[in-house]
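Colleague: Can you read through this structure? Questions will come right after.
The values are calculated or read from the model by the stated rules, or taken from the named source; none is laboratory data. No experiment lies behind these values; they were computed from the predicted model shown. Every residue, glycine as well, gets a Cβ built from its backbone with ideal geometry; the counts of neighbours run over all protein chains shown. With ligands, DNA and RNA removed, areas are computed over all heavy atoms of the protein, side chains included. Shrake-Rupley method; radii C 1.70, N 1.55, O 1.52, S 1.80 Å.
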Amino acid sequence: MSPEASTAGRSCILTDEETAMLDGRRGPGTAMAMRMVVALAGVLDADRLIPVHNAHIDSCLYHGQAGLDFAQKLVVLGARVSVPTTLNVSSLDLMHPGLVRLPSEEAVPAKALMDAYRALGARATWTCAPYQTLERPALGRTSPGQNLTPLCSPTRCWAPEPNATATSLTSALPSPDACPTPGCI
């Protein structure tokens, strides 16, 4: 184990690999993502991070420029997912584009958002039901965003956005011991 990372007066013990990510030795995009994971650990008062082996990103719906800027910044910084990662639905339907009534001023950035998450290495599943894909969540898990706390197992991450994106890039999430809701894991 490495030294502790402190956030808001709280400490989280990091492994050597997690410290390397936080320090930028795995690239600036991964460092940005690890800063987010460590900050979440501080909010949850987690004393450690746990590894995850799959993630599902729920940020593919275009809700405005900030979400696109976030994803594109990670791409520019060279970030790549470090675990198999599925993508939630998007604002566009690429197979049936005529069925979506999205103003053109939103369609262009919506497509750019989809492209950004694919550039990060996430699988273009475009589903809010990743249990229908090969990277199925563990039995009894819920969809991302329905809870304010991360739901995870050693094999799957479900965290509210943008934390799931950060987790997909670092393969780390605050320990479920820190979860403030009993039985949320």
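Colleague: For segment 1-117, which fully contained strands (runs of 3 or more DSSP E) count at least 3 residues that are within 29 Å of Thr127 (Cβ to Cβ) and open to solvent by less than 40 Å² (accessible area, probe 1.4 Å)?
Modeller: Where strands (runs of 3 or more DSSP E) fall fully within segment 1-117 and carry at least 3 residues being within 29 Å of Thr127 (Cβ to Cβ) and open to solvent by less than 40 Å² (accessible area, probe 1.4 Å), they are 55-57, 85-87.
Colleague: Okay, moving on. So, in segment 49-70, of the ones that are at pLDDT 90 or above and touching a Ser or Thr at 6+ places or on another chain (Cβ under 7 Å), which residue ends up farthest from Thr15 (Cα to Cα)?
Modeller: Checking each candidate, the answer is Gly67.
Colleague: Looking at (1) modelled with pLDDT under 80; (2) open to solvent by less than 30 Å² (accessible area, probe 1.4 Å); (3) touching a His at 6+ places or on another chain (Cβ under 7 Å); (4) among the hydroxyl-bearing types (Ser, Thr, Tyr), find the lone condition where Thr155 falls short.
Modeller: Thr155 satisfies all of (1) modelled with pLDDT under 80; (2) open to solvent by less than 30 Å² (accessible area, probe 1.4 Å); (3) touching a His at 6+ places or on another chain (Cβ under 7 Å); (4) among the hydroxyl-bearing types (Ser, Thr, Tyr) except (2).
Colleague: Taking Leu87 and the conditions (1) modelled with pLDDT under 85; (2) at negative phi, which numbered condition does it fall short on, given that it satisfies the others?
Modeller: It is condition (1) that Leu87 fails.
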